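Asks: This is the structure I want to talk about, given as structure tokens.
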Ligand SMILES: Nc1ncnc2c1ncn2[C@@H]1O[C@H](COP(=O)(O)OP(=O)(O)OP(=O)(O)O)[C@@H](O)[C@H]1O
Ligand SMILES: [Mg+2]
């Protein structure tokens with residue numbers, strides 16, 4: 001069930017023209033509307049991708065269906081989007097929310113951090129897991145993450161540190177272009193899914209460097225995909241159930257291509273894996 005938006009904070013950057021809102025659960029969400037300029041399907045893509053990130057324990061923003069009521073929209077005339085024909089408004093209904101890991105008035109969230117800091121991100125290995133997932137889902141975008149300071153333990157359980165110790169963590173966001181965004185197809189270009197800073201892939205030498213995630217995808221429980229598919233707010237899928245089912249069927253079939261797809265990433269002209277031996 002969705003939770004209601006109770007406060008509009010500000011507009012966010014990006015092609016989907018998300019809006020930052022506080023919801024009745026006390027959390028803040030980057031909300032992408034059903035009629036966002038990237039299309040309704042990106043909401044479905046975000047939802048499915050999130051379930052996969054969660055199953056593989058790669059840090060990713062929690063997701064929620066956010067109800068935006070007609071009264072709320074009437075009270076906030078600034079909530080609007082823009083396309084080539086001009087300004088338009090979302091409709092009341094259930095939209096997609098990507099949860100912030102804290103209150104943005106108290107905690108700093110950074111879209112980019114310098115390489116020196118990236119090296120110190122406690123869960124920097126999660127970028128390897130993210131690439132496995134992005135290649136599997138044919139995310140037709142570059143990888144995006146948000147950085148902030150937090151207690152290390154919940155974000156990097158295998159790191160031996162005191163429970164109270166704080167560090168810089170990365171959380172993956174924006175999976176909207178999985179399945180080619182609104183195209184719902186699997187295009188496998190070399191640059192897709194890569195993070196723009198090669199430093200996160202320093203330890204990559206071959207496809208084996210992407211374990212345990214690679215093996216986990218090969219044995220991915222179809223029940224998790226089923227559960228994700230059936231928890232999508234039905235309005236987001238309306239009329240496209242069969243297409244979505246076929247898409248997910250193809251997804252399961254294409255897992256075996258993953259080692260090849262990771263090798264394709266290595267061939268990208270920016271040479272993202274400086275220590276690649278193949
Ligand atoms: N869960 C989150 N936590 C913190 N910030 C977030 C979160 N989700 C989104 N944001 C912020 O909102 C911005 C836009 O979100 P996002 O990248 O998902 O939207 P988009 O419109 O799909 O972007 P793009 O143009 O890259 O496709 C991000 O760059 C980030 O600053
Ligand atoms: Mg983005």
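Asks: Residue 129 is checked against (1) more than 16 Å from ligand 2 (Cβ to nearest atom); (2) surrounded by fewer than 23 Cβ atoms within 10 Å (Cβ to Cβ) and fails just one. What number does that condition carry?
Replies: Residue 129 satisfies every listed condition except (2).
Asks: Among 145, 163, which is the only one that is assigned to a loop (DSSP other than H, G, I, E, B) and either free of Cβ contacts under 8 Å to residues at least 12 places away in the same chain or over 17 Å from residue 48 (Cα atoms) (or both)?
Replies: Working: 145 fails: assigned to a loop (DSSP other than H, G, I, E, B).
Criteria check complete, one pass: 163.
Asks: Conditions first: (1) in contact with a helix residue (DSSP H, G or I) (Cβ under 7 Å, 6 or more places away or on another chain); (2) away from ligand 2 (no atom under 16 Å from the Cβ); (3) under 23 Å from residue 64 (Cα atoms). Residue 181 passes all but one, so which condition is the exception?
Replies: Only one criterion in (1) in contact with a helix residue (DSSP H, G or I) (Cβ under 7 Å, 6 or more places away or on another chain); (2) away from ligand 2 (no atom under 16 Å from the Cβ); (3) under 23 Å from residue 64 (Cα atoms) is unmet by residue 181, namely (2).
Asks: Got at least one residue in segment 54-61 being within 16 Å of ligand 2 (Cβ to nearest atom), closer than 19 Å to residue 93 by Cα and in contact (Cβ under 8 Å) with a residue 24 or more places away in the chain? So that I can check it myself, show each step before the final result.
Replies: Going through segment 54-61, the residues within 16 Å of ligand 2 (Cβ to nearest atom) turn out to be 60-61.
Pick out the ones that are also closer than 19 Å to residue 93 by Cα and you get none.
For segment 54-61, residues within 16 Å of ligand 2 (Cβ to nearest atom), closer than 19 Å to residue 93 by Cα and in contact (Cβ under 8 Å) with a residue 24 or more places away in the chain: absent.
Asks: Going by the structure shown, is residue 200 under 18 Å from residue 266 (Cβ atoms), more than 16 Å from ligand 1 (Cβ to nearest atom) and not in a loop (DSSP other than H, G, I, E, B)? First the steps, then the outcome.
Replies: Working: under 18 Å from residue 266 (Cβ atoms): yes; more than 16 Å from ligand 1 (Cβ to nearest atom): yes; not in a loop (DSSP other than H, G, I, E, B): yes.
Yes, satisfied.
Asks: Just to verify a result, which residue in segment 54-78, among those that are buried (at least 19 other Cβ atoms within 10 Å of the Cβ) and either in contact with a helix residue (DSSP H, G or I) (Cβ under 9 Å, 6 or more places away or on another chain) or at pLDDT below 95 (or both), is farthest from residue 19 (Cα to Cα)?
Replies: Going through the qualifying residues, I end up with 56.
Asks: Can you confirm whether segment 123-137 contains a residue that is within 16 Å of ligand 1 (Cβ to nearest atom), within 14 Å of residue 262 (Cβ to Cβ) and not in a helix (DSSP H, G or I)?
Replies: Scanning segment 123-137 turns up at least one residue that is within 16 Å of ligand 1 (Cβ to nearest atom), within 14 Å of residue 262 (Cβ to Cβ) and not in a helix (DSSP H, G or I).
Asks: Same structure again: Out of segment 1-47, which residues are assigned to a helix (DSSP H, G or I) and crowded, with 24+ Cβ neighbours inside 10 Å?
Replies: In the first step, residues of segment 1-47 are kept if they are assigned to a helix (DSSP H, G or I); the result is 41-47.
Within segment 1-47, 42, 43, 44, 45, 46 meet the criteria.
Asks: Looking at segment 166-197 only, could you name the residues that are over 26 Å from residue 271 (Cβ atoms) and in a helix (DSSP H, G or I)?
Replies: The answer is 179, 181, 182, 183.
Asks: Let me ask another. Any idea how many residues of segment 1-45 are within 14 Å of ligand 2 (Cβ to nearest atom), over 18 Å from residue 77 (Cα atoms) and more than 16 Å from the chain's Cα centre (by Cα)?
Replies: 1
Results for (1) at pLDDT 95 or above; (2) farther than 19 Å from residue 135 by Cβ; (3) surrounded by 11 or more Cβ atoms within 10 Å (Cβ to Cβ), shown as yes or no for each residue.
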| position | (1), (2), (3) |
| --- | --- |
| 225 | yes, no, yes |
| 229 | yes, yes, yes |
| 238 | no, yes, no |
| 248 | yes, no, yes |
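Asks: So, one more: For segment 204-265, which helices (runs of 4 or more DSSP H) that fit wholly inside it have 1 or more residues that are touching a residue at least 24 places away in the same chain (Cβ under 8 Å) and over 20 Å from residue 125 (Cα atoms)?
Replies: Details: elements: 213-218, 222-230, 234-237, 241-253.
Ranges flagged: 222-230, 234-237, 241-253.
The values are calculated or read from the model by the stated rules, or taken from the named source; none is laboratory data. Since we're looking at a predicted model, the values are computed, not measured. Using ideal geometry, Cβ is built from the backbone for each residue, glycine included, and neighbour counts are taken over all protein chains shown.
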